[in-house]
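The structure under discussion appears below in the form of structure tokens.
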Amino acid sequence: MIDTASGDGNVVSYTFDDGPNPADTPRLLSVLREHHVKAVFCLWGEHAVAHPDLVREIVSAGHTLGNHGMRHDDMGGWTPEQIEADLRDTNTAIRAAVPGARIPYFRAPFGSWGRTPAVAAQMGMQPLGWRLAIADWAPPGTETLVDRLLTGVTPGAVVLMHDGGGDRSQTVDAVEQTVPLLTSRGWRFTLPARAG
């Protein structure tokens, strides 16, 4: 499982789960574009079906896609066959919006991996973990999220955040504040490493 950003030194990868979400994903994309940051968006299949325009916008902005399951189910106890069917359905949903889209990563909903890493790998997707989760699923306030990012980041960290599954305006605000701060401190934003 990958939980490391590519590159050496002060590198970090920002990753976002549970989108796309019309309330927050467009503004997040705007913030990332303004600061020339590329990220990974692990898409919730049903949200991709509901908002194909946003899937296209994510890809056209040069970001990388991940599969986050069709309905955000806990797959921890699923059989390989059940997992494969769900991941295939999710990829199909994403590619309905962007035919031929590359989906190099899979992230298990709830971080409940079970047998998903092996199935995802067989389907050509690298299981994508994280080193820092800022717990933005229960929004604690932008200032708290900024503090968690700035104090928790370590060289090579993959950071888990969310652009969907609820009101993620605080997350977008935190990204908007932390990217220029980290950049000014010599950090570089890269994509997660890939398995060799």
Fill in the blank from the handout: Expected single match for surrounded by fewer than 18 Cβ atoms within 10 Å (Cβ to Cβ), modelled with pLDDT of 95 or more, assigned to a loop (DSSP other than H, G, I, E, B) and not small (Gly, Ala, Ser) among 167, 147 is 167
Exercise for the section: Answer yes if at least one residue in the stretch 6-20 is surrounded by 17 or more Cβ atoms within 10 Å (Cβ to Cβ) and free of Cβ contacts under 8 Å to residues at least 40 places away in the same chain, and no otherwise. Expected result: no
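This table checks each residue for (1) more than 19 Å from residue 159 (Cβ to Cβ); (2) of a type outside the set (Asp, Glu).
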site	(1), (2)
26	yes, yes
29	no, yes
39	no, yes
51	yes, yes
89	yes, no
99	yes, yes
102	yes, yes
Practice task
Examine the stretch 90-97 for a residue that is under 18 Å from residue 14 (Cβ atoms), assigned to a helix (DSSP H, G or I), out of contact with any helix residue (DSSP H, G or I) (no Cβ under 6 Å at 6 or more places or on another chain) and among the hydroxyl-bearing types (Ser, Thr, Tyr), and state whether such a residue exists.
Solution key: no
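The values are calculated or read from the model by the stated rules, or taken from the named source; none is laboratory data. As the structure is a computational prediction, the values presented were derived from the model and not from experiment. Please note: Cβ atoms are built from the backbone with ideal geometry, for glycine as well, and neighbour counts cover all protein chains shown.
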